[in-house]
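The values are calculated or read from the model by the stated rules, or taken from the named source; none is laboratory data. Owing to the predicted nature of the structure, the values given are computational and were not obtained by experimental measurement. Reconstructed Cβ throughout: ideal geometry from the backbone, glycine too, with neighbour counts over all protein chains shown.
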């Protein structure tokens, strides 16, 4: 096992089901990652220290999943120049809209990318991280192209099956 290049941080262990899809994507692409539970509000010192040391530790991308106020992505981004991807987690009372706003309303100069909320966001965050890593990794870039081609082939197969069933 190599050194992890992606850090996945969740604000609460309850966010784990959303991130399991990301873990599967990383495993299928052979991308090493680590996962942590760190909170912008309950463990602010630890979250800031992790982010400040992430580049030195060899990370290339950080994914943050958080709900409610969702300050985790912003706190992490404020302490590193690495790309930070935010996954808004649905929670009461605003069903994730509040988390989405926290990610997409970052002040100028401290960007956080936002992906789809929920389980699709877990998978998309991993694919986005992989696309960033693929900029400097030809093997990973090829795997990503093959993944996209396979997705297209599955859709075209489903369309062909549909067309065949409609002809009956």
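Couple of notes before you dig in:
- Any hit, segment 134-142, residues being touching a residue at least 24 places away in the same chain (Cβ under 8 Å) and either within 16 Å of residue 31 (Cα to Cα) or part of a helix (DSSP H, G or I) (or both): yes
- Flag: residue 51 matches the condition of being at pLDDT 95 or above and either surrounded by 21 or more Cβ atoms within 10 Å (Cβ to Cβ) or under 17 Å from the mean Cα position of the chain (by Cα) (or both).
- Test: residue in segment 81-95 that is assigned by TED's automatic domain parsing to the domain that holds residue 16, at positive phi and touching a residue at least 24 places away in the same chain (Cβ under 8 Å): no
- Just one of the listed residues (125, 131) is touching a strand residue (DSSP E or B) at 6+ places or on another chain (Cβ under 7 Å) and in the same structural domain as residue 25 (by TED's automatic domain parsing), and it is 125.
Here is a yes/no grid of residues against (1) in contact with a helix residue (DSSP H, G or I) (Cβ under 6 Å, 6 or more places away or on another chain); (2) farther than 28 Å from residue 51 by Cβ; (3) surrounded by fewer than 20 Cβ atoms within 10 Å (Cβ to Cβ); (4) modelled with pLDDT of 95 or more:
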position: 88; (1), (2), (3), (4): yes, no, no, no
position: 117; (1), (2), (3), (4): no, no, no, no
position: 158; (1), (2), (3), (4): no, yes, yes, yes
position: 168; (1), (2), (3), (4): no, yes, yes, no
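- Which listed residue is surrounded by 13 or more Cβ atoms within 10 Å (Cβ to Cβ), in contact with a helix residue (DSSP H, G or I) (Cβ under 8 Å, 6 or more places away or on another chain) and either closer than 16 Å to residue 132 by Cα or at pLDDT below 95 (or both), from 79, 71: 71
- Residue count, segment 1-25 (criterion: at pLDDT 95 or above and surrounded by 22 or more Cβ atoms within 10 Å (Cβ to Cβ)): 7
- Qualifying residues in segment 99-115 (those that are touching a strand residue (DSSP E or B) at 6+ places or on another chain (Cβ under 7 Å) and assigned to a helix (DSSP H, G or I)) - the one surrounded by the most Cβ atoms within 10 Å (Cβ to Cβ): 99
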